[in-house]
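Comments concern the structure below.
The values are calculated or read from the model by the stated rules, or taken from the named source; none is laboratory data. Keep in mind that what you see is a predicted model, and the values were worked out from it rather than measured. When we count neighbours, we look across all protein chains shown, and the Cβ atoms used for this are built from the backbone with ideal geometry, even at glycine.
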Amino acid sequence: MEKRTRVRFAPSPTGPLHMGGVRTALYNYLFARQRGGDFILRIEDTDSHRFVPGAEAYIIEALKWCGITPDEGVDENGKVVETASEKHPHAPYRQSQRKGLYRQYAEQLVANGYAYYAFDTPEELEKARAEAEKDGKTFIYGLPTRMGLRNSLTLSAEETARLIEETTGWTIRFKMPADTVVKMDDMIRGHIEVNTDTLDDKVLWKRSDELPTYHLANIVDDHLMEITEVIRGEEWLPSLPLHYMLYKAFGWEDTMPRFAHLSLLLKPVGNGKLSKRDGDKLGFPVFPLKWTNPEGEVSRGYREDGYFPEAFVNMLAMLGWNPGNDRELFSMDELVEAFSMDKVQKAGAKFNPEKAKWYNREYLRMKDDADLTELFKPVLEAHGISVTGGPQSPLSSDFEKGEFSWSYVKKVVKLVKERATFVQDMWTPAESLFKAPVEYVEKDWAKFWTAENAEMAGKAVDFLLAFNGPFEKEPVETALVGFIKDNEWPMGKVMNCLRLVLTGSASGLGIADILSFIGKDELKKRFASARAKA
Ligand code: GLU
């Protein structure tokens, strides 16, 4: 029987989740969903020096915003689970709270000859490092040096026992075997071989804080949590030989997970890695949500910039994966269906901020007008407009009071959504449908409010006020164009002058569109205001 798929996203709460981290979580999630398996969130917080307050809550909120929901590790309230239950059998899911668990595993490795105690003080190590550098070498704690250092391989059993008992600065290090070729397989990169001679003896456990290092905790927890695939960033590929050796040393080779190392996200230009700092430098977000660091510095987020989570997720999915054809738009469910590891690319994926906007535009267009109306409401309110009633409300507008019915807003949304990338962008084209211009763009005024234009526009306004057909886009347009043509007036001049009167500038929506929204009274008022200014 095939094993149940279990994957995990294992961030360290050292800061906000970068969009590359979100992509790692997403690919894990898609992989699990597709196979009807489990997606687990585990917090790898054993490096207390790098702990950043707020980072864990940020990670959970970011995943939630994206719709990447863990099956295990986080409860309904969005809290990391600390007590085991049927749904969360491996709790606690925060490694710092699993602290007591790891020492025995490290000691098991010592007992079996795969690891040893190291007693070197930081000063001793610093000295060894400096000496190596004097000879133009880099110091590694490992095969070439370990027999000259202070550890259980070089000290007597009694001295070792004494130091373990009486001192607290020691560590347990992995004893990397000599000249062994580690043969590894990566789901994305294929077969890889590395000779252990290039590898050092990594610290697995530290007596000082009684905490495991990343390597030990990661392997032990993946084993205990029955993880079947480890899907993570490429930066962990150099650790893979050690991880293989650890599985072997523990005798867990039979249940060792498969590995997939995802390529990096690259800067829009050049080949560098997309870093946390790039966003603010290059003018786009690199974080899913806004983040304020402990020093009070703020980094922008996709959510706060107005991106739809669906657009962000779709864009991220395509950064490094493709469906094998040129389709670009996928809902989460469609991604679950289409995703496959063999189409994840080996090469780094260049991030294109324009493409991110393109996605948002596409999703904005696909959104239901009623949903967009709800989303547009707070934008209107921020501009002093109040929206009355709900979807059943009749069309109504009160320019004096700045009050418009929900249905009126929905009609506006339908008209302007094509012109926007973000919900908040709809305000600019829509403004004249909610407010009379308070001022006029100076150069447009100079160009289009000439005595001659104003005269023609005035007559056109009188004509419109007397028009007794339905005051809707098509009939108004036909009548107005017909009237201008019959008079043999220059169409552009008259129309631009009218647009200036209605919107305060010579660009924007079509005249008939605007008229159909604002109606005759407001037309009359706006023309009177323009004339008053003149
Ligand atoms: N805690 C590691 C990180 O922050 C996890 C690496 C892994 O998935 O093994 O990226």
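Could you tell me how many of the residues in region 17-40 are over 18 Å from ILE219 (Cβ atoms) and either within 12 Å of the ligand (Cβ to nearest atom) or modelled with pLDDT under 95 (or both)? Break it down into steps so the answer makes sense when it comes.
Of all residues in region 17-40, those over 18 Å from ILE219 (Cβ atoms) come to 17-27, 29-39.
After this cut, where a residue has to be either within 12 Å of the ligand (Cβ to nearest atom) or modelled with pLDDT under 95 (or both) as well, the list is 17-18, 20-21, 24-25, 27.
The total comes to 7.
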Single unsatisfied condition, PHE287 versus (1) within 16 Å of the ligand (Cβ to nearest atom); (2) within 20 Å of ARG361 (Cα to Cα); (3) surrounded by fewer than 18 Cβ atoms within 10 Å (Cβ to Cβ): (3)
3 or more residues touching a residue at least 12 places away in the same chain (Cβ under 8 Å) and among the charged types (D, E, K, R): qualifying helices (runs of 4 or more DSSP H) within region 304-387: 353-366
Pairs, first basic (Lys, Arg) in region 1-21, second near the ligand (Cβ under 7 Å from one of its atoms), C-beta under 9 Å, six or more apart: ARG8/VAL230
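Among the residues of region 1-16, count how many are among the basic types (Lys, Arg) and away from the ligand (no atom under 14 Å from the Cβ).
At the first step, the residues of region 1-16 found to be among the basic types (Lys, Arg) are 3-4, 6, 8.
Subset that is away from the ligand (no atom under 14 Å from the Cβ): 3-4.
Total meeting the criteria: 2.
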Residue within region 48-64 that is under 22 Å from the mean Cα position of the chain (by Cα), in a loop (DSSP other than H, G, I, E, B) and more than 15 Å from the ligand (Cβ to nearest atom) present: yes
Filter result for the condition that a residue is of a type in the set (D, E, K, R) and under 29 Å from the mean Cα position of the chain (by Cα), over ASP209, ASP280: ASP280
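Inside region 121-175, can you point out the residues that are outside any helix (DSSP H, G or I) and without any contact (Cβ under 8 Å) to a residue 24 or more places away in the chain?
If we filter region 121-175 for residues that are outside any helix (DSSP H, G or I), which is where we start, we get 121, 135-145, 149-156, 167-175.
Hits for region 121-175 are ASP135, GLY136, LYS137, THR138, PHE139, PRO144, THR145, THR154, SER156.
Test GLN97 against the stated conditions and say whether it is among the polar types (S, T, N, Q), within 16 Å of the ligand (Cβ to nearest atom), more than 21 Å from the chain's Cα centre (by Cα) and at pLDDT 95 or above.
On the way: among the polar types (S, T, N, Q): yes; within 16 Å of the ligand (Cβ to nearest atom): yes; more than 21 Å from the chain's Cα centre (by Cα): yes; at pLDDT 95 or above: yes.
Yes, satisfied.
Table: residues versus (1) exposed (fewer than 13 other Cβ atoms within 10 Å of the Cβ); (2) more than 18 Å from THR503 (Cα to Cα).
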| site | (1), (2) |
| --- | --- |
| GLU374 | no, yes |
| SER393 | no, yes |
| ASP425 | no, no |
| VAL441 | no, no |
| ASP444 | no, no |
| LYS447 | no, no |
| ALA451 | yes, yes |
| ASP486 | yes, yes |
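For ARG103, are the conditions met, namely being modelled with pLDDT of 95 or more, within 16 Å of the ligand (Cβ to nearest atom) and at negative phi?
Working: modelled with pLDDT of 95 or more: yes; within 16 Å of the ligand (Cβ to nearest atom): no; at negative phi: yes.
Judged against the criteria, ARG103 is not a match.
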Residue within region 236-259 that is within 14 Å of the ligand (Cβ to nearest atom), at pLDDT 95 or above, surrounded by fewer than 18 Cβ atoms within 10 Å (Cβ to Cβ) and not in a helix (DSSP H, G or I) present: yes
Condition broken by VAL80, with the remaining ones in (1) surrounded by fewer than 23 Cβ atoms within 10 Å (Cβ to Cβ); (2) more than 11 Å from the ligand (Cβ to nearest atom); (3) without any contact (Cβ under 8 Å) to a residue 60 or more places away in the chain satisfied: (1)
Odd one out for PRO268, checked against (1) part of a strand (DSSP E or B); (2) modelled with pLDDT under 95: (1)
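Would you mind finding the one in GLY492, GLY504 that is of a type in the set (Gly, Ala, Ser), out of contact with any His (no Cβ under 8 Å at 6 or more places or on another chain) and exposed (fewer than 13 other Cβ atoms within 10 Å of the Cβ)?
GLY492
Evaluate region 214-229: report whether one residue or more is in contact (Cβ under 8 Å) with a residue 12 or more places away in the chain, within 13 Å of the ligand (Cβ to nearest atom), in a strand (DSSP E or B) and surrounded by 16 or more Cβ atoms within 10 Å (Cβ to Cβ). Steps first, answer last, please.
Taking region 214-229 first, the residues in contact (Cβ under 8 Å) with a residue 12 or more places away in the chain are 214-229.
Now narrow it down to the ones that are within 13 Å of the ligand (Cβ to nearest atom): 214-223, 225, 227, 229.
Subset that is in a strand (DSSP E or B): 229.
So of that shortlist, the ones also surrounded by 16 or more Cβ atoms within 10 Å (Cβ to Cβ) come out as 229.
The answer is yes, given that some residue of region 214-229 is in contact (Cβ under 8 Å) with a residue 12 or more places away in the chain, within 13 Å of the ligand (Cβ to nearest atom), in a strand (DSSP E or B) and surrounded by 16 or more Cβ atoms within 10 Å (Cβ to Cβ).
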